[in-house]
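Student: Quick one: structure below, then a few questions.
The values are calculated or read from the model by the stated rules, or taken from the named source; none is laboratory data. None of these values were measured; they are calculated from a predicted model. Positions of Cβ are generated from backbone atoms using ideal geometry, with glycine treated the same way; all protein chains shown enter the neighbour counts.
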Ligand code: C2O
């Protein structure tokens, strides 16, 4: 059976596993406000596709809008499910075992390390983007993506200025631009810039081009009643985790913010990082190979999540609702994909 949407009234304290500096687990309260009215998601009627821009290519007009939207989100009352902190907590609750599975209360819901990874984050970003658009009265607003799969994709400058609402102080200061991310593990190494570029492109090639079958790309099956973390797909376990590790501050006890699930959503760059992860899902399906399709298993397709939408309504969404980003009204600005031919 599919993993059912959580019952928000059963949300409990989240458990934060130590990431490195500390050895103790920590409890955090990141439960959302409860609402008893739940509606089923209805796909939006799409007038025109919103293109999510590459963050390093945006112009000042776009940047102003984006900053304004994020500033307004940060200013919302902390109990408003659309506020920045509540949005960050969505990640914490779904990723740090705050929800028991509805029919199997001894098993927590965990959206990482399984086939739920891509759809959960796609939907999470979808509602985040709708909320930002609503706050600035622009239903066509699209969040930017961090093009880290390309050598030009160092940390986007727009996130770096400390007076910006896009800034977060809990980051590894030695990894600001022009430092190049190490997609192979996210740790510092002594590769030359040229070697690092090559190594990153090879890694992307392996995760995307070489990975030809759904279970290796999306991650392993995770069904109602089963234990969490059956196994991550290629991108999730590789470049995705590496970027989290690389951005998080190693001086912070739990490598906050990006270096730990419970706090990752507190860094605005998280959403740009995940937009690029989401972009990989779209790209993967266009690469040659007969098996490059979405998983055809009703336990995946009918897995469900709850999110608050831009009008504070609690919505139940299924994986099958999010397979086509264009049906949700968005796609990605296309840029050069340098790893396509990067066989090792
Ligand atoms: Cu839910 Cu990048 O993690």
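Student: Which of the residues that make up segment 99-142 are part of a loop (DSSP other than H, G, I, E, B) and within 12 Å of the ligand (Cβ to nearest atom)?
Tutor: Those that are part of a loop (DSSP other than H, G, I, E, B) and within 12 Å of the ligand (Cβ to nearest atom): 110, 111, 112, 113, 114, 116.
Student: OK, next. Looking at segment 71-84 only, could you name the residues that are surrounded by 16 or more Cβ atoms within 10 Å (Cβ to Cβ) and assigned to a helix (DSSP H, G or I)?
Tutor: Within segment 71-84, 72, 73, 84 meet the criteria.
Student: Is it fair to say residue 127 is in contact with a helix residue (DSSP H, G or I) (Cβ under 9 Å, 6 or more places away or on another chain), modelled with pLDDT of 95 or more and within 22 Å of residue 216 (Cα to Cα)?
Tutor: The answer is no for residue 127.
Student: Condition first: more than 11 Å from the ligand (Cβ to nearest atom), within 18 Å of residue 186 (Cα to Cα) and out of contact with any helix residue (DSSP H, G or I) (no Cβ under 8 Å at 6 or more places or on another chain). Can you find one or more residues in segment 252-274 that meet it?
Tutor: yes
Student: Can you tell me which residues in segment 35-54 are under 30 Å from residue 259 (Cβ atoms) and modelled with pLDDT under 95?
Tutor: Within segment 35-54, no residue meets the criteria.
Student: Within segment 275-295, take every residue that is free of Cβ contacts under 8 Å to residues at least 24 places away in the same chain and assigned to a loop (DSSP other than H, G, I, E, B) and give me the one that is farthest from the ligand (Cβ to nearest atom).
Tutor: Of everything passing the filter in segment 275-295, 290 is farthest from the ligand (Cβ to nearest atom).
Student: Could you list, in sequence order, the residues of segment 14-32 that are assigned to a loop (DSSP other than H, G, I, E, B) and modelled with pLDDT under 90?
Tutor: The answer is 17, 18, 19, 20, 21, 22, 23, 24, 25.
Student: List every residue pair whose Cβ atoms sit under 7 Å apart, with the two residues 6 or more apart in sequence or on different chains, where the first one lies in segment 221-238 and is more than 16 Å from residue 104 (Cβ to Cβ) and more than 13 Å from the ligand (Cβ to nearest atom) and the second, anywhere, is at pLDDT 95 or above and not in a loop (DSSP other than H, G, I, E, B).
Tutor: 231/219; 234/207; 234/216; 234/217
Student: Right, next: Being surrounded by fewer than 16 Cβ atoms within 10 Å (Cβ to Cβ) and either within 19 Å of the chain's Cα centre (by Cα) or assigned to a strand (DSSP E or B) (or both) is the filter here, so list the residues in segment 217-229 that pass it.
Tutor: Scanning segment 217-229 gives 220, 229.
The rows are residues; the columns are (1) surrounded by 19 or more Cβ atoms within 10 Å (Cβ to Cβ); (2) assigned to a loop (DSSP other than H, G, I, E, B); (3) without any contact (Cβ under 8 Å) to a residue 24 or more places away in the chain.
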| position | (1), (2), (3) |
| --- | --- |
| 44 | no, yes, no |
| 48 | no, yes, no |
| 56 | yes, no, no |
| 69 | yes, no, no |
| 97 | yes, yes, no |
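Student: Tell me, yes or no, whether segment 320-331 has at least one residue that is in contact (Cβ under 8 Å) with a residue 60 or more places away in the chain, part of a strand (DSSP E or B) and under 25 Å from residue 11 (Cα atoms).
Tutor: No, the conditions are met nowhere in segment 320-331.
Student: Hey, another quick one. Considering only segment 126-155, how many residues are more than 15 Å from residue 311 (Cα to Cα) and buried (at least 23 other Cβ atoms within 10 Å of the Cβ)?
Tutor: Summing the residues that are more than 15 Å from residue 311 (Cα to Cα) and buried (at least 23 other Cβ atoms within 10 Å of the Cβ) in segment 126-155 gives 8.
Student: Only one of 90, 58 is more than 16 Å from the ligand (Cβ to nearest atom) and out of contact with any strand residue (DSSP E or B) (no Cβ under 6 Å at 6 or more places or on another chain). Can you tell me which?
Tutor: Details: 90 fails: more than 16 Å from the ligand (Cβ to nearest atom).
Just a single option satisfies the conditions, and that option is 58.
Student: For residue 152, are the conditions met, namely being in a loop (DSSP other than H, G, I, E, B), away from the ligand (no atom under 15 Å from the Cβ) and more than 18 Å from residue 322 (Cβ to Cβ)?
Tutor: Yes, satisfied.
Student: Additional query: If we keep just the residues of segment 178-206 that are assigned to a helix (DSSP H, G or I) and without any contact (Cβ under 8 Å) to a residue 24 or more places away in the chain, which is surrounded by the most Cβ atoms within 10 Å (Cβ to Cβ)?
Tutor: Of everything passing the filter in segment 178-206, 196 is surrounded by the most Cβ atoms within 10 Å (Cβ to Cβ).
Student: In segment 284-305, how many residues are more than 17 Å from residue 223 (Cα to Cα) and buried (at least 19 other Cβ atoms within 10 Å of the Cβ)? Talk me through it step by step, then tell me what you get.
Tutor: Within segment 284-305, the first condition is being more than 17 Å from residue 223 (Cα to Cα), and the residues that meet it are 284-293.
In the following step, the residues that additionally are buried (at least 19 other Cβ atoms within 10 Å of the Cβ) were identified as 284.
Residues flagged as more than 17 Å from residue 223 (Cα to Cα) and buried (at least 19 other Cβ atoms within 10 Å of the Cβ) within segment 284-305 amount to 1.
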